[in-house]
1. Would you grab the residues whose amide H sits under 5 Å from the one on GLY48? Only those 5+ places off in sequence or on another chain, please, with H modelled 1.01 Å from N.
2. From largest to smallest, what semi-axes in whole angstrom does the range 11-72 give when each is the square root of 5 times an eigenvalue of its alpha carbon gyration tensor?
3. Using the Cα centre of the range 71-138 as the reference point, and only Cβ charges (+1 on K/R, -1 on D/E), how large is the resulting charge dipole? Debye, rounded to the nearest 20.
4. Rounded, prolate or oblate: which one fits the range 151-278, using the alpha carbon gyration tensor with axes a ≥ b ≥ c (rounded when a/c is under 1.5, else prolate when a/b beats b/c, else oblate)?
5. Remind me, relative contact order of the chain in percent, using alpha carbon pairs under 8 angstrom and six or more residues apart?
6. In nm, to one decimal, how far is the ASP233 label point from the VAL3 one, both placed 7 Å along Cα→Cβ?
7. Tell me, what are the semi-axes, in whole angstrom and largest first, of the equivalent ellipsoid of the range 73-217 as set by the roots of 5 times the Cα gyration tensor eigenvalues?
8. For the range 146-215, what class follows from the C-alpha gyration tensor (a ≥ b ≥ c being the square roots of its eigenvalues): rounded when a/c is under 1.5, otherwise prolate if a/b is larger than b/c, else oblate?
Amino acid sequence: MQVIHTIAELREALVIHRQRGFVPTMGNLHDGHLALVKQARELIGPAGVVVASIFVNRLQFAPHEDFDTYPRTLQRDCALLEAAGCDIVFAPSEKELYPEPQGYKVQPPAELADILEGHFRPGFFTGVCTVVHKLFNIVQPTQAVFGKKDYQQLMVLRRMTAQMALPVEIHGGETRRSEQGLALSSRNGYLSETEKTEALRLSRSLKALIARWQTGERDLAAMEADAMQAMRDAGWAPDYLTLRRQHDLGPAVDGQPLVALGAARLGTTRLIDNLELS
Ligand code: PAF
């Protein structure tokens, strides 16, 4: 496996490969990321090249968020990626990817990007779209894989790819969970052992929301308010717990595939999760 830090060297290494699978990450990898790498390998076959990028993208962090403290674990990440079958790791410095302030940005439409995560993290999806668009231009992948744990991110990136006619197929990878059901996330590393147990409440609350819908309740506002209150009672600070349509994240309606999504802070750690219901 090659570890490459510059755009020029990456382009040179990729020139012989037509089929390129790509998994963009911010590092501090866990089994969820490695499953995406394996998925990329399956998609492009043994003859293609699998590239993973590791870049903590300042553009998608608000000033009060954890950009400075986000764990940087390049050596460990590279060992894991090699074992998962990755061929090339692209790990640019900030100066390499943003040699000057990134004035040109990719701005996603408000109806998709200013709701849910985008409402609570203004500018987040502009930062994500900008870096992913740029990484796509650098890697020029034929297939790219993103985790479904970041459900809205996957949707925003799918739309970006379609509207901009980018020549890459976008794939979603299933969320990996601990045995107890905690969605794997780099930010789980911030949790104490007690918090890790308490963290299971988020997916349980989403399950409870789904269960109420399945038993025929349709007062979404009341159901969501109850779910939020239950989280507050348990000491969390929830941003949202909500049931939405899968295809555009509009309010849940009968007869369409739905997804329950939640984001909440436990102590100082903000966790997100989602569960699909077809
Ligand atoms: O999901 C992530 O880790 C990041 O948002 C991504 C897609 C790598 C862009 O920085």
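No lab work stands behind these numbers, since they all come straight from the coordinates. Because the structure is a prediction, the values reported are computed rather than measured. Ideal geometry is used to build each Cβ from the backbone, glycine not excepted, and the neighbour counts take in all protein chains shown.
1. Close amide H contacts, sequence-distant or interchain: none at all.
2. Working: eigenvalues 155, 40, 12 Å².
Semi-axes (√(5λ), whole Å): 28, 14, 8.
3. Details: 6 positive and 9 negative charges, 28 e Å.
Charge dipole, the range 71-138, about its Cα centre: 140 debye, nearest 20.
4. Judged from the Cα gyration tensor, the range 151-278 comes out oblate (a/c at least 1.5, b/c at or above a/b).
5. Numbers: 472 pairs, mean separation 48.0, N = 278.
Relative contact order of the chain: 17 percent.
6. For the pair ASP233/VAL3, the computed spacing is 5.0 nm.
7. On the way: eigenvalues 172, 100, 51 Å².
Semi-axes (√(5λ), whole Å): 29, 22, 16.
8. Values: a/c = 3.23, a/b = 1.67, b/c = 1.93.
Judged from the Cα gyration tensor, the range 146-215 comes out oblate (a/c at least 1.5, b/c at or above a/b).
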